[in-house]
1. Hey, what number do you get for the chain at 222 nm if only DSSP H runs of n ≥ 4 count, each worth -39500 (n - 2.57), divided across all residues, to the nearest 500?
2. Quick one: angle between helix 2-14 and the longest Cα principal axis of the chain, in degrees between 0 and 90, rounded to 10, please.
3. If the range 21-107 were replaced by its equivalent ellipsoid, with semi-axes equal to the square roots of 5 times the Cα gyration tensor eigenvalues, what would those be, largest first, whole Å?
4. Give, rounded to the nearest 20 debye, the magnitude of the charge dipole that the chain has about its Cα centre when Lys and Arg contribute +1 at Cβ and Asp and Glu contribute -1 at Cβ.
5. Mean projection of the alpha-carbon convex hull of the chain over all orientations, in nm²?
6. Kindly sort Arg50, Arg67 by accessible area of their heavy atoms, largest first, with the probe set to 1.4 Å.
7. List the pairs from Lys134/Lys157; Lys18/Lys77; Lys137/Lys163; Lys70/Lys157; Lys18/Lys70; Lys70/Lys163 whose alpha-carbon separation is above 20 Å, in the order I gave them.
8. Ordered by packing density, taken as the mean number of other Cβ atoms within 10 Å over each peptide's residues, highest first, how do 111-122, 32-43 rank?
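The values are calculated or read from the model by the stated rules, or taken from the named source; none is laboratory data. Only a predicted model underlies this, so the values are computations on that prediction, with no experimental measurement involved. Glycine also receives a Cβ, built like all others from the backbone with ideal geometry; neighbour counts cover every protein chain displayed. The protein model used for the area step is the full one, side chains on, heavy atoms only, and it has no ligands, DNA or RNA in it. Shrake-Rupley method; radii C 1.70, N 1.55, O 1.52, S 1.80 Å.
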Amino acid sequence: MLEQSLITHCAPTLAGLKTAGLFCFSYTSESMLQAELRRCRLALGNKGVRIRVLRRHRGRALLYVYRPAKLRQDFQKPGVAPFLQRMGYALQPEIALGQLEQRLARRPGCPHEIGLFLGYPPEDVAGFMTHQGKHCKCVGCWKVYGDEQTARNIFEKYEMCSKIYSRQWQQGKSIEQLTVAG
């Protein structure tokens, strides 16, 4: 059940194209959620992919599926560290994820800077915050305020990856087989 959601929502992350994915997963009991997480973590852990529960609420878990190595690289990109520091985050990814988790627990919705944890360009995250989600150049996985053509190319690559992964999943490939080591 969780595997299907991972394929649907996180194929580019599983393929090593994207830093992270984020989605809500419905569960009927805590033991069911833990069993699903344990099974998927075992399949993905040796491939360099982690799953973290950022929030639980009324039978829904907000799952963050990520590649720690790529997140560390993202934190080193120009403009990211100062942005995170201004927002009150530590520059160590695991500590910053803990801080993000605390922010999510304190308020409904997602803080806009979550885009930096998903590998979105800092100029697009800042543009979204400045323009309150309006006046973007285009929309795909995120709203684009910076380099439109590069973003469109990325969106196209992510969409193709998702289609391929969905097809391969339906043909019987396992989540472990579909996840690229990295």
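1. The per-residue figure over the chain is -16500 deg cm²/dmol.
2. 50 degrees
3. Values: eigenvalues 133, 59, 13 Å².
After scaling each eigenvalue by five and taking roots: 26, 17, 8 Å.
4. Working: 27 positive and 14 negative charges, 66 e Å.
The calculated dipole for the chain is roughly 320 debye.
5. Numbers: hull surface 41.4 nm².
In nm², the orientation-averaged hull projection of the chain is 10.3.
6. Working: Arg50 120, Arg67 10 Å².
So, going from the largest accessible area down, we get Arg50, Arg67.
7. Numbers: Lys134/Lys157 25 Å; Lys18/Lys77 15 Å; Lys137/Lys163 25 Å; Lys70/Lys157 18 Å; Lys18/Lys70 8 Å; Lys70/Lys163 23 Å.
Among Lys134/Lys157; Lys18/Lys77; Lys137/Lys163; Lys70/Lys157; Lys18/Lys70; Lys70/Lys163, the Cα-Cα distance tops 20 Å for Lys134/Lys157; Lys137/Lys163; Lys70/Lys163.
8. Working: 111-122: 20.8, 32-43: 15.5.
In decreasing order of mean packing, 111-122, 32-43 become 111-122, 32-43.
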